Amino acid sequence: MLVVGAGAAGMAAAKGASEKGAHVLLVDNEEWIGGILQQCIHNGFGVHRYKKELTGPEFAAELKSEIPSDVEVKTGTFAHEIVPNEKRAILVSREGIEEVSYESLVYATGARERTFQSLMVPGTRPAGIYTAGQAQRLINIEGYLPGKRALVLGSGDVGLIMARRMYLEGMEVVGVVERLPYPGGLRRNVKQCLEDFDIPLYLSHTVIRVEGYPRLEKVIVAKVDGNFRPIPGTEREFHVDTLVVSVGLIPVKKLVADFVKVRSGVLVSSSGQTSVDSIFAAGNVTTIFDLVDYVAKEGEKAGRSAALLAKGEFRGERLPIRKGKGVKILHPEWYDPSVPLSVYLRVEKPMEKALIRVGKYEIEAEDLTPAEMVNVDVEPPCESEVSVSVTEV
Ligand SMILES: Cc1cc2nc3c(=O)[nH]c(=O)nc-3n(C[C@H](O)[C@H](O)[C@H](O)COP(=O)(O)OP(=O)(O)OC[C@H]3O[C@@H](n4cnc5c(N)ncnc54)[C@H](O)[C@@H]3O)c2cc1C
């Protein structure tokens with residue numbers, strides 16, 4: 001069995017598959033395993049899985065220690081092509097180009113960051129504009145500061161965490177700009193990353209222009225209306241040499257997008273199976289998860305299912321899950337009655353008290369916001385179609 005990508009999802013998939021008796025080859029493009037976790041040195045990882053607050057590298061080390069020793073791990077190895085009807089993949093590494101056959105495959109390639117260029121902000125094209133992941137890697141892995149005075153665009157968890165990280169490393173952080181009227185990240189991160197350090201958050205604002213060359217000198221920000229259009233007369237200037245852009249993650253689905261069903265991510269059933277029987281997927285390549293605990297849980301499940309399929313012991317049903325009222329994002333796409341159903345959703349708008357319906361089950365919930373993914377685990381509903389909705393009560 002082949003697992004492509006050795007972040008949290010891939011490592012957990014390798015563990016799950018090996019425990020079900022599969023011979024597993026786990027490959028990753030980087031020189032290490034652990035994926036994005038290795039550059040996330042803040043804590044807040046593993047609260048559900050390990051019942052303690054770990055840093056990213058600590059979580060990766062715990063998960064790595066769970067991988068049975070018979071799993072073959074190849075780092076510095078890039079999966080270049082997957083040929084689904086012949087069940088083979090082409091891998092490229094220092095050793096050369098290698099072709100491997102598989103009975104089943106778990107695709108766990110994570111997500112990449114949306115770039116500043118994709119936002120179409122006019123102005124010069126200076127040095128000093130980084131994605132949050134680039135700035136995080138510079139500081140936490142390479143040991144360099146990206147600049148002296150920074151503004152952050154985007155208040156998702158990654159942006160919030162980077163605002164604090166730059167502040168703690170001695171940079172001046174003049175603010176975080178967010179076009180939505182509410183923060184994009186978890187509430188605990190707004191408190192712990194911004195409020196605790198007096199870093200201002202500018203909601204309903206966006207960057208409309210950058211100036212300076214060859215290095216960034218100025219960022220012009222304006223208030224936006226309900227359609228995210230800048231409101232004339234509300235402009236303000238920030239004199240900064242660094243702009244950190246954290247405006248979303250995009251699942252890395254390129255290698256399979258021609259033959260499995262995809263939307264923004266790779267579509268899977270509740271057992272991790274894609275629309276192609278022998279190909280499974282898990283982690284951020286399927287949907288953007290808030291918590292690595294969920295990623296590991298889904299990875300392990302996909303690995304187990306893929307191993308059983310390779311042994312001819314897995315049927316893999318894909319019954320529809322319908323997105324009902326109040327739900328903005330819903331995962332997975334289908335449910336497989338042979339495994340308990342874990343549903344992940346984001347609500348359309350903030351709700352103080354709500355009733356979540358998953359098929360015949362009703363669950364009361366409080367304090368829901370679109371920024372926070374909700375996880376509901378239920379026994380297999382035994383219905384031919386499940387609908388998921390959230391109603392404010
Ligand atoms: C800044 C930041 C802060 C976070 N904070 C928290 C937190 O506090 N708590 C929490 O629980 N979660 C947090 N998360 C979320 C969590 O870290 C991620 O959801 C999780 O680690 C994603 O795991 P993954 O395996 O899906 O992807 P990744 O970790 O991205 O792993 C994907 C791997 O696939 C490899 N790959 C890609 N393409 C190929 C290819 N073609 N061939 C070979 N290898 C390939 C990549 O090199 C990478 O190693 C945070 C995430 C970020 C970015």
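The values are calculated or read from the model by the stated rules, or taken from the named source; none is laboratory data. Note that the structure is a prediction, hence the values are computed from the model and not measured. All Cβ positions, glycine included, derive from the backbone under ideal geometry; neighbour counts span all protein chains shown.
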Next on the checklist: Report every pair of residues separated by at least 6 positions or lying on different chains whose Cβ atoms are under 9 Å apart, first residue within segment 373-393 and touching a residue at least 40 places away in the same chain (Cβ under 8 Å) and surrounded by 14 or more Cβ atoms within 10 Å (Cβ to Cβ), second part of a loop (DSSP other than H, G, I, E, B) and among the aromatic types (Phe, Trp, Tyr).
Outcome noted: MET373/PHE289
Checklist outcome for this item: How many residues of segment 3-14 are more than 7 Å from the ligand (Cβ to nearest atom) and either among the β-branched types (Val, Ile, Thr) or surrounded by fewer than 24 Cβ atoms within 10 Å (Cβ to Cβ) (or both)? The answer is 1
Next on the checklist: Let me confirm something: among ALA302, ALA306, which residue is crowded, with 24+ Cβ neighbours inside 10 Å, within 12 Å of the ligand (Cβ to nearest atom) and assigned to a helix (DSSP H, G or I)?
Outcome noted: ALA302
Checklist entry - Which residues, taken from segment 271-311, are among the acidic types (Asp, Glu) and within 17 Å of the chain's Cα centre (by Cα)? => result ASP290, ASP293, GLU298, GLU300
Checklist outcome for this item: Screening PRO214, PRO183 for residues that are touching a residue at least 40 places away in the same chain (Cβ under 8 Å), within 16 Å of the ligand (Cβ to nearest atom) and not small (Gly, Ala, Ser) leaves only PRO183
Checklist entry - Do we find a residue being touching a residue at least 60 places away in the same chain (Cβ under 8 Å), within 30 Å of VAL260 (Cβ to Cβ) and surrounded by 18 or more Cβ atoms within 10 Å (Cβ to Cβ) anywhere in segment 158-179? => result yes
Checklist entry - Inside segment 226-293, counting only strands (runs of 3 or more DSSP E) that do not spill past its ends, which hold 3 or more residues that are surrounded by 24 or more Cβ atoms within 10 Å (Cβ to Cβ)? => result 242-245, 279-281
Item to check | Condition check for GLU81: over 23 Å from the mean Cα position of the chain (by Cα), outside any helix (DSSP H, G or I) and within 15 Å of the ligand (Cβ to nearest atom) | outcome: no
Checklist entry - Restricting attention to segment 293-313, which residues are of a type in the set (Lys, Arg) and closer than 13 Å to LYS15 by Cα? => result LYS297, LYS301, ARG304
Next on the checklist: Please determine whether any residue of segment 286-305 is farther than 23 Å from PHE59 by Cα and of a type outside the set (Asp, Glu).
Outcome noted: yes
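Step by step: first the residues of segment 84-117, then only those that are polar (S, T, N, Q) and in a loop (DSSP other than H, G, I, E, B), then the one that is nearest to the ligand (Cβ to nearest atom). Which residue is that?
Applying the first criterion (polar (S, T, N, Q)) to segment 84-117 yields 85, 93, 101, 104, 109, 115, 117.
Still in the running and in a loop (DSSP other than H, G, I, E, B): 104, 109, 115.
Details: SER104: 17, THR109: 4, THR115: 15 Å.
It comes out as THR109.
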Checklist outcome for this item: Among VAL207, VAL176, the single one that is farther than 25 Å from ASP367 by Cβ, in the same structural domain as ARG229 (by TED's automatic domain parsing) and not in a helix (DSSP H, G or I) is VAL207
Checklist entry - Which of the residues spanning segment 285-306 are acidic (Asp, Glu) and at pLDDT below 95? => result ASP290
Next on the checklist: Taking the criterion of being part of a strand (DSSP E or B), under 18 Å from the mean Cα position of the chain (by Cα) and in the same structural domain as GLY212 (by TED's automatic domain parsing), would at least one residue in segment 135-144 satisfy it?
Outcome noted: no
Checklist entry - Do we have VAL244 as over 30 Å from THR55 (Cα atoms) and of a type in the set (Val, Ile, Thr) here? => result no
